[in-house]
Amino acid sequence: MEQADLIWMNGEILPWEDAKVHVLTHGLHYGTGVFEGIRAYETEVGTAVFRHREHLDRLHESAGLYYMEIPYSVDELRAATHELIAGNGLASCYIRPIAFRGYGQMGLNPLEAPVDVAIAVWPWGAYLGEEGKTRGIRAKVSSWRRFSGEALIPHAKASGQYLNNVLAKVESLKSGYDEAIMLDAHGFVSEGSGENIYIVRDGSIIEPPQTASVLDGISRRTVNELARDLGHDVVARDIARAELYLADEVFMCGTAAELVPVREVDDHAIGGGEVGPVTREIQQAFNDALHGRDPRYRDWLDVVAVPAAEPRS
Ligand SMILES: Cc1ncc(COP(=O)(O)O)c(C=O)c1O
């Protein structure tokens with residue numbers, strides 16, 4: 001991965017290599033952390049963080065679901081992120097805030113362990129590759145089911161939960177695919193290993209419901225609003241596995257991946273293997289919104305207020 005010069009940890013800005021934790025950090029052993037993935041883009045109104053407040057709200061919500069109180073408010077985390085982006089002189093970047101149970105308590109009860117908070121920013125290109133965004137990716141339905149709400153909390157973006165996604169991702173890569181599609185405990189389509197998923201069938205855009213063990217993605221909220229503004233019908237309902245193969249179009253969206261067409265699922269070409277018109281139209285609107293090219297969606301941009309430092313050489 002690329003790195004930056006500075007990182008924020010527990011209220012201080014530090015050199016990148018000084019952001020260290022003890023090996024007995026609770027979150028390292030038991031996965032007791034929550035995090036976010038956010039992006040900032042270069043726009044004509046300056047470097048802007050996309051839907052920043054919603055991501056930070058979700059961070060606080062994820063923490064609350066695991067009985068963890070983050071000792072910094074959304075406003076404080078937002079200001080720290082702005083300062084960090086400016087301090088690193090980055091015009092666009094990926095942003096990773098994390099809050100985790102720190103050092104001082106072992107055993108499963110995390111409630112006495114301190115809560116440490118860090119924010120890292122660094123340049124990160126297309127998560128599923130530039131070609132994936134233009135030509136579409138090849139996905140495999142994973143043999144690993146997305147964990148249900150009876151075992152963990154799909155609505156929380158919590159560190160330990162990601163072992164489930166790691167298994168699905170590794171399986172898909174080792175089998176020669178780009179990404180995994182996970183089914184929920186009932187066998188309905190849930191989501192990608194790090195993206196929400198949509199199918200387009202007979203003119204409708206369909207997403208799995210909130211009860212299908214999905215993360216309530218902020219990119220999916222964006223897609224839903226853009227699609228409706230473009231005059232499309234967006235429906236949330238159970239999606240059978242075979243509907244992936246029978247769909248006219250399939251696409252995924254997430255902060256890291258952005259909007260990515262899926263051109264094959266389990267070796268079935270979707271819509272003849274070409275990116276379909278609905279996906280293209282929404283992808284274009286999505287990219288315009290991210291990059292501040294559409295004034296109707298300027299409210300989604302949180303412009304980095306601190307004057308940018310000299311760019312790194
Ligand atoms: C499991 C999972 N589902 C969905 C998403 C998409 O969420 P968002 O659009 O908020 O990035 C992500 C990425 O954060 C994810 O990790």
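At-a-glance table
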read-out	value
Matching option when the condition is in contact (Cβ under 8 Å) with a residue 12 or more places away in the chain and surrounded by 17 or more Cβ atoms within 10 Å (Cβ to Cβ), among Arg39, Arg53	Arg39
For Phe100: the one exception among (1) farther than 30 Å from His29 by Cα; (2) buried (at least 22 other Cβ atoms within 10 Å of the Cβ)	(1)
Candidate set: the stretch 269-296, residues that are basic (Lys, Arg) and touching a residue at least 60 places away in the same chain (Cβ under 8 Å); chosen: the one farthest from Cys253 (Cα to Cα)	Arg296
Single unsatisfied condition, Leu56 versus (1) more than 22 Å from Ile153 (Cβ to Cβ); (2) not in a strand (DSSP E or B)	(1)
Residues (within 16 Å of the ligand (Cβ to nearest atom) and of a type in the set (Val, Ile, Thr)) located in the stretch 231-243	Val234, Ile239
In the stretch 1-36, the residues that are assigned to a loop (DSSP other than H, G, I, E, B) and free of Cβ contacts under 8 Å to residues at least 60 places away in the same chain	Lys20, Val23
Some residue of the stretch 22-31 being in contact with a helix residue (DSSP H, G or I) (Cβ under 8 Å, 6 or more places away or on another chain) and hydrophobic (A, V, I, L, M, F, W, C)	no
Of the criteria (1) surrounded by fewer than 19 Cβ atoms within 10 Å (Cβ to Cβ); (2) of a type outside the set (A, V, I, L, M); (3) under 19 Å from the mean Cα position of the chain (by Cα); (4) farther than 27 Å from Phe286 by Cβ, which one Asn109 fails	(3)
Top-ranked residue of the stretch 281-292 - restricted to ones that are crowded, with 19+ Cβ neighbours inside 10 Å and not hydrophobic (A, V, I, L, M, F, W, C), ranked as farthest from the ligand (Cβ to nearest atom)	Gly292
Count - residues of the stretch 244-280 that are more than 16 Å from the ligand (Cβ to nearest atom), under 21 Å from His291 (Cα atoms) and β-branched (Val, Ile, Thr)	2
Whichever residue in the stretch 126-177 is modelled with pLDDT under 95 and surrounded by fewer than 18 Cβ atoms within 10 Å (Cβ to Cβ) and, among such residues, is nearest to Arg96 (Cα to Cα)	Ala126
Residue in the stretch 237-254 that is modelled with pLDDT of 95 or more, surrounded by fewer than 21 Cβ atoms within 10 Å (Cβ to Cβ) and touching a Gly at 6+ places or on another chain (Cβ under 7 Å) present	yes
Filter result for the condition that a residue is surrounded by fewer than 17 Cβ atoms within 10 Å (Cβ to Cβ) and away from the ligand (no atom under 16 Å from the Cβ), over Tyr67, Tyr72	Tyr67
Qualifying strands (runs of 3 or more DSSP E) (wholly inside the stretch 182-230; at least 3 residues being near the ligand (Cβ under 9 Å from one of its atoms) and farther than 16 Å from Ala256 by Cβ)	none
Residues within the stretch 231-267 that are in a helix (DSSP H, G or I), among the aliphatic types (A, V, I, L, M) and in contact (Cβ under 8 Å) with a residue 60 or more places away in the chain, tallied	1
Some residue of the stretch 12-32 being within 30 Å of Val214 (Cβ to Cβ), within 15 Å of the ligand (Cβ to nearest atom) and not basic (Lys, Arg)	yes
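The values are calculated or read from the model by the stated rules, or taken from the named source; none is laboratory data. Values in this document were obtained by computation on a predicted structure and should not be read as measured data. All Cβ positions, even for glycine, are placed from backbone atoms using ideal geometry, and neighbour counts span all protein chains on display.
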